[in-house]
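The values are calculated or read from the model by the stated rules, or taken from the named source; none is laboratory data. Since this is a predicted model, take the numbers as computed values, not measurements. Positions of Cβ are generated from backbone atoms using ideal geometry, with glycine treated the same way; all protein chains shown enter the neighbour counts. Only protein heavy atoms, including side chains, enter the accessible area calculation; ligands, DNA and RNA are left aside. Shrake-Rupley method; radii C 1.70, N 1.55, O 1.52, S 1.80 Å.
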Amino acid sequence: DFMLCKSENRRPEHCLTEGRKVTRCTADIIEKLRQNCAETFERHWQCLELNNQDYHRCRKPERAFNTCVFQKLGLVKTIPGTPEGQVPIHEKKNPVFTSVQK
């Protein structure tokens with residue numbers, strides 16, 4: 001709703017109601033993360049801080065944080081356009097990446 005509102009009118013006061021909803025939702029998610037996954041979030045954040053925000057070096061703590069979030073908050077990651085009946089790439093146990101040749 002907020003993004004649709006912003007596309008209709010760029011004036012900040014036009015979308016105050018929608019903006020408040022986004023803020024409340026964000027605050028709620030952050031509070032739930034603090035209550036349920038604070039330790040894994042802290043490890044992931046510290047890894048990023050120590051490695052100059054290099055995600056590649058922090059995949060292990062990121063996986064632990066993601067697992068906590070998905071299990072304890074009941075969130076589900078869906079990728080639009082994933083073919084029906086196929087395992088999404090982020091759920092494959094041993095994904096094989098190959099270069100695409102044209």
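General remarks:
- Around the Cα centre of the chain, unit charges on the Cβ atoms of Lys, Arg, Asp and Glu (plus for the first two, minus for the last two) sum to a dipole of about 220 debye.
- Net length gained if the chain between Arg34 and Thr67 were fully extended (0.36 nm per residue, minus Cα distance): 10.4 nm
- Degrees between helix 16-50 axis and first principal axis of the chain (Cα, 0 to 90, nearest 10): 30 degrees
- Partner lysines for Lys32 [C-alpha distance under 21 Å; skip if fewer than 8 residues away on the same chain]: Lys21, Lys72, Lys77
- Each peptide in 25-34, 84-93 receives the mean, over its residues, of other Cβ atoms within 10 Å, and ordering these scores from highest gives 25-34, 84-93.
- Panel note: the C-alpha atoms of the range 1-93, placed on their principal axes, show extents of 44, 37, 27 Å (largest first).
- Rolling a 1.4 Å probe over the heavy atoms of the protein chains gives the range 1-101 an accessible area of 87 Å² per residue.
- Sorted peptide list for 37-43, 13-19, criterion being average Cβ within 10 angstrom, highest first: 37-43, 13-19
- The modelled label-to-label distance for the pair Arg59/Glu84, using points 7 Å beyond Cα in the direction of Cβ, is 3.3 nm.
- Estimated FRET transfer efficiency (Trp45, Lys21; beta-carbon r; R0 25 Å; 0.05): 0.40
- Computed in the context of the full set of protein chains, the accessible area of the chain at 1.4 Å probe radius has 54% of its extent on carbon or sulfur.
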